[in-house]
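The values are calculated or read from the model by the stated rules, or taken from the named source; none is laboratory data. The structure presented is a predicted model; accordingly, all values stated were derived computationally and were not measured. Backbone-built Cβ (ideal geometry, glycine too); neighbour counts: all protein chains shown. Note: areas computed on protein heavy atoms with side chains; ligands, DNA, RNA excluded. Shrake-Rupley method; radii C 1.70, N 1.55, O 1.52, S 1.80 Å.
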Amino acid sequence: MSFKLINPEALGAPKGYSNGLLVDGGGKLLFIAGQIAWDKVQQIVSDDFVEQFDQALANVIAIVRAASGEADNIVRLVIYVTNKIEYRKHTKEVGERYRKHMGKHFPPMVLVQVAGLLDDRAKVEIEGMAVIPA
């Protein structure tokens, strides 16, 4: 199975994501439900935005690994935040936490600001899709 990033010149160079990702070869699709910064007893780990991002992404990757995959099998992420200004304020730290989990793997992503999430303390929710090698 191989992945090819699709980033047309007409769209300019993406920063921290890819516009498209083409999967060639066998694999199983894994759809990952939205993950917030819950620990194993379903408690928010912190009120800090960066800590919440870190835990939510770790939870996404835990699901991928439970399906016998790795972070680089993730082919799409959707990030929901309750405050895009807070996200922008912590872009550097969020990027560091992202690279801690994902390395330099930047699948297509979208960031959406929402009015609220499942847990009232949640500031970030991440859902995704992965292709696990057959």
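Among the hydrophobic types (A, V, I, L, M, F, W, C), crowded, with 16+ Cβ neighbours inside 10 Å and assigned to a helix (DSSP H, G or I): which single residue out of ALA122, ALA62, ALA56 fits that description?
ALA56
Exactly one condition in (1) touching a helix residue (DSSP H, G or I) at 6+ places or on another chain (Cβ under 6 Å); (2) open to solvent by 70 Å² or more (accessible area, probe 1.4 Å) is not met by VAL50; state its number.
Going through the list (1) touching a helix residue (DSSP H, G or I) at 6+ places or on another chain (Cβ under 6 Å); (2) open to solvent by 70 Å² or more (accessible area, probe 1.4 Å), VAL50 breaks only (2).
Looking at the stretch 112-129, I want the residues that are more than 20 Å from VAL94 (Cβ to Cβ) and have a partner that is outside any loop (DSSP other than H, G, I, E, B) and charged (D, E, K, R) with Cβ atoms under 6 Å, at least 6 apart or on another chain. Which pairs are those?
Here the result reads MET129/ARG76, each pair linking the stretch 112-129 to a residue that is outside any loop (DSSP other than H, G, I, E, B) and charged (D, E, K, R).
Hey, among the residues in the stretch 69-116 that are closer than 18 Å to SER2 by Cβ and assigned to a helix (DSSP H, G or I), which one's most open to solvent (accessible area, probe 1.4 Å)?
ASP72
Of all residues in the stretch 73-95, how many are charged (D, E, K, R), more than 21 Å from ALA115 (Cβ to Cβ) and without any contact (Cβ under 8 Å) to a residue 40 or more places away in the chain?
Number satisfying all stated conditions: 1.
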